[in-house]
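The values are calculated or read from the model by the stated rules, or taken from the named source; none is laboratory data. Fair warning: this is a prediction, and the values are worked out from it, not measured in the lab. Cβ atoms come from the backbone with ideal geometry, glycine included; neighbour counts cover every protein chain shown. The protein model used for the area step is the full one, side chains on, heavy atoms only, and it has no ligands, DNA or RNA in it. Shrake-Rupley method; radii C 1.70, N 1.55, O 1.52, S 1.80 Å.
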Amino acid sequence: MNKFATVIMAAAAAALLVTGCSKSDSSKIKVGFSQVGAESDWRKASTESIKGEAAKRPNIELTFSDAQQKQENQIKAIRNFISKGVDVISFSPVVSTGFEDVLKEAKEAGIPVVLFDRAVDVSEDGLYVSFIGSDFVEEGRRAARWVLENVGENANVAELVGTVGSAPAIDRKKGFEEIIKDHPGIKIIKSQSGDFTRAKGKEVMESFLKSPEADQIQVLFAHNDDMALGAIQAIEEAGKKPGQDIKIVSIDGVKTMFEAILEGKANCTVECNPLIGAQLFDVVEKIHAGETVPARIPSQEGVFDSKNITKEVVDGRKY
Ligand code: GYE
């Protein structure tokens with residue numbers, strides 16, 4: 001058994017002891033969660049999944065904190081969880097670097113950390129117990145494969161990048177580029193961050209459409225649906241037809257994007273599942289019981305376009 005697992009076992013044993021001699025809330029597993037913000041429909045669904053799942057479990061006491069897309073707020077929230085002495089800390093990191101110190105502080109305090117949705121870049125092992133979330137590189141590859149299969153070997157692509165320095169922005173770009181590098185006719189001719197929001201996606205698309213390359217853009221690859229939905233508005237306002245004049249592929253799979261695809265205003269969305277609150281609390285409960293948990297827990301997801309989106313699929317969509 002490694003050192004960290006020993007710490008977890010000891011923490012679990014201590015928690016059991018406390019439970020035995022007190023009737024207060026100490027019988028509950030205290031979880032501190034720091035969320036990125038409320039930047040997209042995906043994120044809102046993620047928050048609902050976490051809060052909803054915690055509310056269903058009488059043994060969980062959740063403290064939820066919104067970082068409003070600022071890493072400094074997130075670090076503050078995590079320090080606050082440490083000083084409150086929660087049993088488990090979980091967070092979805094705004095960006096992937098800069099968490100090393102606070103993760104070490106959590107480790108020294110003997111508090112296990114579960115990364116949720118986004119991973120971090122750290123130089124040593126053992127700073128967190130598990131990472132639950134999607135494979136963003138694969139999502140980027142899936143978007144590129146869709147372009148190859150449905151647009152062909154020649155396409156000028158404009159890219160709306162997610163939040164600079166965030167794991168999904170870095171990895172989705174990486175996966176997309178990995179596939180197109182063997183297809184020289186597919187070129188990224190514009191690339192800028194729209195910070196994962198609808199408003200920024202619209203603003204950046206407007207600037208693409210005012211640039212000298214505007215008329216060469218054949219495909220839009222957006223790192224999330226919200227930016228794509230903002231871009232659809234910009235394309236329409238510029239007098240072009242989204243989904244036809246400019247093909248649109250993005251990532252997330254939110255309901256509004258499904259509807260846009262049904263209307264022919266967008267073409268494809270690669271699913272990224274935000275409904276992983278249940279997976280999180282299953283892991284939290286296992287950690288608290290002293291069980292070993294996998295270091296990497298993937299989410300299940302698919303690819304959707306006009307071939308498999310029907311009205312029924314849209315109506316059944318939970319986010
Ligand atoms: O794609 C985007 C959100 O981290 C997977 O964050 C998540 C991303 C998601 O703002 O819509």
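Criterion applied to Ala158, Ala144 was being assigned to a strand (DSSP E or B), farther than 17 Å from Ser299 by Cβ and away from the ligand (no atom under 16 Å from the Cβ), and the one residue passing it is Ala158. With respect to Asp245, is the statement that it is open to solvent by 60 Å² or more (accessible area, probe 1.4 Å) and assigned by TED's automatic domain parsing to the domain that holds Asp125 true? No: the conditions fail for Asp245. Assess whether Ala167 counts as being surrounded by fewer than 22 Cβ atoms within 10 Å (Cβ to Cβ) and within 14 Å of the ligand (Cβ to nearest atom). Against the criterion (surrounded by fewer than 22 Cβ atoms within 10 Å (Cβ to Cβ) and within 14 Å of the ligand (Cβ to nearest atom)), Ala167 does not qualify.
Mind listing just one residue for me: the one in the range 268-280 that is within 10 Å of Tyr319 (Cα to Cα) and buried (at least 21 other Cβ atoms within 10 Å of the Cβ) and, of those, nearest to the ligand (Cβ to nearest atom)? Residue satisfying both the conditions and the ranking: Pro274. Among the residues that make up the range 209-228, is at least one of them farther than 19 Å from Met257 by Cβ and of a type in the set (Asp, Glu)? Yes, the range 209-228 contains a residue that is farther than 19 Å from Met257 by Cβ and of a type in the set (Asp, Glu). Within the range 180-192, not a single residue is within 16 Å of the ligand (Cβ to nearest atom) and open to solvent by 60 Å² or more (accessible area, probe 1.4 Å). With the condition kept exactly as written, say whether any residue in the range 249-267 is in a strand (DSSP E or B), within 16 Å of the ligand (Cβ to nearest atom) and small (Gly, Ala, Ser). Within the range 249-267, one or more residues are in a strand (DSSP E or B), within 16 Å of the ligand (Cβ to nearest atom) and small (Gly, Ala, Ser).
Within the range 199-229, being within 12 Å of the ligand (Cβ to nearest atom) and either at pLDDT below 95 or surrounded by fewer than 24 Cβ atoms within 10 Å (Cβ to Cβ) (or both) holds for one residue alone: Lys200. Only one entry in Glu177, Glu153, Glu149 is more than 12 Å from the ligand (Cβ to nearest atom), in the same structural domain as Asp252 (by TED's automatic domain parsing), without any contact (Cβ under 8 Å) to a residue 12 or more places away in the chain and over 20 Å from Val31 (Cα atoms), namely Glu149. Of everything in the range 114-139 that is within 11 Å of the ligand (Cβ to nearest atom) and part of a helix (DSSP H, G or I), the residue that is nearest to the chain's Cα centre (by Cα) is Phe136. The residues of the range 46-92 that are within 14 Å of Phe281 (Cα to Cα), in a helix (DSSP H, G or I) and open to solvent by 90 Å² or more (accessible area, probe 1.4 Å), listed by number, are Glu48, Lys51, Lys56. Of the residues examined, Val102 is one that is away from the ligand (no atom under 16 Å from the Cβ), in a helix (DSSP H, G or I) and in contact with a helix residue (DSSP H, G or I) (Cβ under 7 Å, 6 or more places away or on another chain). Residues in the range 118-133 that are within 20 Å of Gln279 (Cα to Cα) and open to solvent by 10 Å² or more (accessible area, probe 1.4 Å): 5 in all. Within the range 169-196, the residues that satisfy the criterion of being closer than 18 Å to Arg145 by Cβ and part of a helix (DSSP H, G or I) are Asp171, Arg172, Lys173, Lys174, Gly175, Phe176, Glu177, Glu178, Ile179, Ile180. If I filter the range 263-319 down to residues being of a type in the set (D, E, K, R) and in contact with a Gly (Cβ under 6 Å, 6 or more places away or on another chain), which single residue comes out as modelled with the highest pLDDT? Looking at the filtered set, the residue picked out is Lys265. Taken over the range 22-39, the residue count meeting the criterion of being away from the ligand (no atom under 16 Å from the Cβ) and either part of a loop (DSSP other than H, G, I, E, B) or modelled with pLDDT under 95 (or both) is 7. In the range 134-164, the residue that is modelled with the lowest pLDDT out of those that are over 18 Å from Ala266 (Cα atoms) and open to solvent by less than 30 Å² (accessible area, probe 1.4 Å) is Ser134.
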